[in-house]
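In what follows, a structure is listed as structure tokens, so that the remarks can point back to it.
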Amino acid sequence: MPTKKEIINIIENVGLWDRKSIEAALEEQEKTGQPLKEIFQNRGMLPFGEVSPSFYFQLGIVQRELPPREIPQEVLNIIPPKIARTHRVIPWEIRGDTLVMVSDDPINILAADYFKKVIENENIKNVEIIITFPEEINQLIEKYFGQEEMEDLTQMLQEASSATIDLDVGGGPEVTEEDEETLALQAPVVKIVNLIFVEALRRRASDIHLEPLEKKFRVRFRIDGVLYEIVSPPKRIEKAVIARIKLMAKMDLAEKRLPQDGRIMLDIGGRPIDFRVSTLPGIYGESVVLRILDKTRMLISLEQLGFLEDDLEKWNTLLKYSGGLVLVTGPTGSGKTTTLYASLQKLNTPDRKLMTVEEPVEYQIPGINQTPVNPDIGLTFANVLRAFLRQSPDVILVGEIRDRETADIALRAALTGHLVFSTLHTNDAPSAITRLIDLGMPPFLVASSVQGVMAQRLVRVLCPYCKEKIEPDEEMKRILKIKDGEEVNICRPKGCNECNFTGYHGRIGIFEIFIMNDELRELTLKRVSAAELREAAKRAGMRLMIEDGFEKVKRGITTLDEVYAVVGEGD
């Protein structure tokens, strides 16, 4: 890894910046303690956002993947937690009188002298900085300094209980929009909201719920599909916190009688985060829900979704069709959009034109034409889909089939040589066929257009750091159909720091994949029930969702209770 002096020489040689500009930026950091990257950006020396890979190349820096290891506490204590989080540097190890630190920001190599001055160890004389990937730094910050962030949150909320926030704006029952904005801009309120956002990301939350109750202002995070209450702000600042979020989401601060929707886009720790905000009037105040869309985590591959080997092969076979309708079904929050995006990424090659119509466009995928619907101006799923057919696409994604018109256009597009993906809200895969017919689609059109349907749910994954292997009892052997001599790896949750003592860390899908064959097409033409289609599909090799879940229980991925919680015990 190049030294500070070598990097400055390289910078001068390639004409990036002059030595005087670099020294001025370093002097500013000495005075302010601000991250050097931010100083360079504010001075116009670096663009805002992530550092380009070409910049690493110009400086002769190679990003390294860190080996798995536990960092001793005495090493972590060398750098104050606030410095580590603000500057994205982690103490890694001590080599003699040299402290080795890791960072995802190459500019930090220039700041080595600054870090030497903030080190809380008189035996450290030198600092060496290794550059790694942002994902590595995110994990290390969450693992070793996340608790300090939670302590900061608790302390800030305690400070908010004191008389530091002027809540006596307006002077009467009617609070104007100007009054609301005054509340929202007060520094303690801004810090509280920012800390709630950071804590939600640290805990891998998918939603933030702010709920005014009669005597309490409750804040909850949805983590792996389950709501957990956190340290909540005092009831007296409820109005100020909600006003701050509405201001950030560009909502009407004075409107409290009607629901509102908004959006907040932030860069937190180098990660672009999109918050979808919804407010709803209630008897004790406005309830606010923020859905967190982390673009760095959403776009994953099919292999990461949790398919068993044979199901992944079946799904990949469906993706190879040149035409037809492929459906993903399940309730809200079951991962349908994630599955479809992963599928589109696999199909996103230069020789194909991919187009999507969504409400809203949750994540932008390079190389794909994405259109958000806007019913207020007549831009509906059906109208956009009709226009798509004049754009000569190869693959089309319709966010959801909700009505007869959209279903009709999607089926006819599939019949005329387009590969069409969409979603439906049904309990299982075979029910999608009867649902389309119930929408008024002719059975012959459904039978000839639909290539396959996948139903899915999300189950929590056992924490790999603390799960405990158990021996199944006779009842569990009967339920899971464990044969004599069959090797299984059934585990139970325990709880540790890595999973916030829940016993679970993350979620994966459980699936059932219904692939049309001649028998199923004949049954569709006869308008048989979903139950009859289900039995025929099972004869053709379809594994039910609950059976897929059982297999993942036997492999130590999840638990029987989790499978029953999302699928039920009726199958």
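Divide the volume of the convex hull of the Cα atoms of the chain by its number of residues and quote the answer in cubic angstrom per residue.
Values: hull volume 116.1 nm³, N = 571.
It comes to 203 Å³ per residue, whole-number rounded.
For the range 368-478, what is the accessible area per residue in Å², given a 1.4 Å probe and the full set of protein chains? Please report the intermediate quantities before stating the final value.
Details: 4860 Å² over 111 residues.
So the range 368-478 comes to 44 Å² accessible per residue, rounded to a whole number.
Of K191/K239; K82/K250; K143/K216; K116/K191, which ones are farther than 23 Å apart at the Cα?
In this structure, K82/K250; K143/K216; K116/K191 lie more than 23 Å apart at Cα.
Within a Cβ distance under 13 Å of K346, other residues only, what is the Lys/Arg minus Asp/Glu net charge?
Numbers: positive: K320, R352; negative: E303.
My count for the surroundings of K346 gives +1.
Loop only per DSSP, at most 10 neighbouring Cβ atoms within 10 Å: give me the chymotrypsin sites (Phe, Trp or Tyr not before Pro) in the range 276-341, ordered by residue number.
On the way: sites: Y284, F307, W315, Y321, Y341; in loops: Y284, F307, Y321.
Of the chymotrypsin sites (Phe, Trp or Tyr not before Pro), not one in the loops of the range 276-341 has a Cβ with at most 10 other Cβ atoms within 10 Å.
Do any cysteines in the chain lack another Cys Cβ under 4.7 Å, and if so which?
Unpaired cysteines in the chain: C491.
Measure nothing fancy, just the Cα-based angle from helix 530-539's long axis to the longest principal axis of the chain, in degrees from 0 to 90, nearest 10.
Here the helix axis deviates by roughly 80 degrees.
Of the listed peptides 331-339, 477-485, what is their order by residue-averaged count of other C-beta atoms within 10 Å, with the highest listed first? Please report the intermediate quantities before stating the final value.
On the way: 331-339: 17.9, 477-485: 12.0.
Descending mean neighbour count gives 331-339, 477-485.
At 1.4 Å probe size, with every protein chain present, just tell me what the per residue accessible area of the range 183-296 comes to in Å². Don't skip to the end; give the middle numbers.
Working: 4800 Å² over 114 residues.
About 42 Å² of surface per residue is accessible.
Translational D (Stokes-Einstein, µm²/s) of the range 378-535 at 4 °C and 1.567 mPa s when Rh comes from the Kirkwood sum over C-alpha pairs? Each step should come with its number before you reach the end.
Values: Rh = 18.9 Å.
Value of D from the Cα-based Kirkwood radius: 69 µm²/s.
Normalise the Cα radius of gyration of the range 395-449 by 2.2 N^0.38 Å (N = residues in it) and let me know the number.
Values: Rg = 10.3 Å, N = 55, 2.2 N^0.38 = 10.1 Å.
With N residues counted in the range 395-449, Rg over 2.2 N^0.38 Å equals 1.02.
Between 0 and 90 degrees, rounded to the nearest ten: what's the tilt of helix 19-32 against the longest Cα principal axis of the chain?
Value to nearest ten degrees: 90.
So, with a 1.4 angstrom probe, what is the percent of accessible area on the chain that is carbon and sulfur?
49
Which value at 222 nm does the chain reach when only helices count, each DSSP H run of 4 or more adding -39,500 (n - 2.57), with the total divided by all residues and rounded to the nearest 500 deg cm²/dmol?
On the way: 23 runs with 224 residues, N = 571.
About -11500 deg cm²/dmol.
Report Rg/Rh for the range 287-362, rounded to two decimals, where Rg is the Cα radius of gyration and Rh the Kirkwood radius. Numbers along the way, then the final one.
Details: Rg = 14.0 Å, Rh = 14.3 Å.
Using only Cα positions, Rg/Rh for the range 287-362 is 0.98.
Over the Cα atoms, compute the radius of gyration (one decimal) and Dmax (the largest Cα-Cα distance, rounded to a whole number) for the range 191-246, in Å.
Taking only Cα atoms of the range 191-246, I get Rg and Dmax of 10.9, 30 Å.
Could you give the radius of gyration (one decimal) and Dmax (whole number) of the Cα atoms in the range 322-421, in Å?
Just the Cα atoms of the range 322-421 yield Rg and Dmax of 12.6, 35 Å.
Can you run phi through the Karplus equation (6.51, -1.76, 1.60; θ = phi - 60°) for the range 387-398 and list ³J(HN,Hα) in whole Hz, with x for Gly and Pro?
5, 4, 5, 8, 9, 6, x, 9, 10, 10, 10, 9
Of S278, A414, V100, whose Cα points farthest to the positive end of the dipole of the chain (charges on the beta-carbon: +1 Lys, Arg; -1 Asp, Glu; origin at the Cα centre)?
Result: A414, furthest along the dipole toward the positive end.
The values are calculated or read from the model by the stated rules, or taken from the named source; none is laboratory data. Here the structure is a predicted model, which is why all the values come from computation and not from measurement. Glycine gets a Cβ as well: all are built from the backbone with ideal geometry, and neighbour counts include every protein chain shown. To get the accessible areas, we keep the full protein, side chains included, count just its heavy atoms, and leave off ligands, DNA and RNA. Shrake-Rupley method; radii C 1.70, N 1.55, O 1.52, S 1.80 Å.
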